């Protein structure tokens, strides 16, 4: 997670060197919110899936069978720890993007609204991606396969919450992303816990 806390803000700092003509007046903070949530969500899903698979392969969870720790607590703790650290990384990156925008005068009238919308959509997408990463970690027993599926399927499935906004006009992207992101994450985490509870260690 320290890599995310350093890497994602560094990425947002590097984005300022993009030719302003290529951005067509787009604020840096807007671009940062899209890129960071996408990259951060994918990296978090990989980290979650590969760590669970490697812990299963090393029989780490056998130690928890003799302790009064619920399996659901393990899954929820992993999800919350990674997701909250990811939110911190995105907040740091976005702050850097806003500072750069302030110094370069790229701020438009409604830049905060646009950035907020994409940030909420990004948080919903990251939540789904993290829960899918846990699913791959619980179901799969190969670290490379879990990583590959997290990269390709995890990020693709989480982008589904954004698609209706492009096809149906008049939808509020914030409400839609929250209405889809929260229930989908809860359902997938519920499936994760159920499958994890059934596994033999």
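The values are calculated or read from the model by the stated rules, or taken from the named source; none is laboratory data. For clarity, every value in this text was computed on a predicted model and none was experimentally measured. Ideal geometry is used to build each Cβ from the backbone, glycine not excepted, and the neighbour counts take in all protein chains shown.
Can you say whether residue 115 is at pLDDT below 75 and surrounded by 13 or more Cβ atoms within 10 Å (Cβ to Cβ), as far as the supplied structure shows? Outline the logic, then answer.
Values: at pLDDT below 75: yes; surrounded by 13 or more Cβ atoms within 10 Å (Cβ to Cβ): yes.
Spelling it out, residue 115 is indeed at pLDDT below 75 and surrounded by 13 or more Cβ atoms within 10 Å (Cβ to Cβ).
If a residue counts only when it is more than 30 Å from residue 54 (Cβ to Cβ), over 13 Å from the mean Cα position of the chain (by Cα) and free of Cβ contacts under 8 Å to residues at least 12 places away in the same chain, which helices (runs of 4 or more DSSP H) contained entirely in the range 117-198 have at least 2 such residues?
On the way: elements: 143-149, 155-158, 163-167, 173-198.
Here the list reads 163-167, 173-198.
Among the residues of the range 174-199, write down those that are at pLDDT below 90 and crowded, with 18+ Cβ neighbours inside 10 Å.
Result: 176, 177, 180, 181.
With the requirement that a residue be modelled with pLDDT under 80 and out of contact with any helix residue (DSSP H, G or I) (no Cβ under 8 Å at 6 or more places or on another chain), what does the range 130-159 give you?
Let us first name the residues in the range 130-159 that are modelled with pLDDT under 80, namely 154-159.
Selection gives 156 alone.
Exactly one of (1) at pLDDT 85 or above; (2) surrounded by 13 or more Cβ atoms within 10 Å (Cβ to Cβ) is unmet by residue 73. Its number?
(2)
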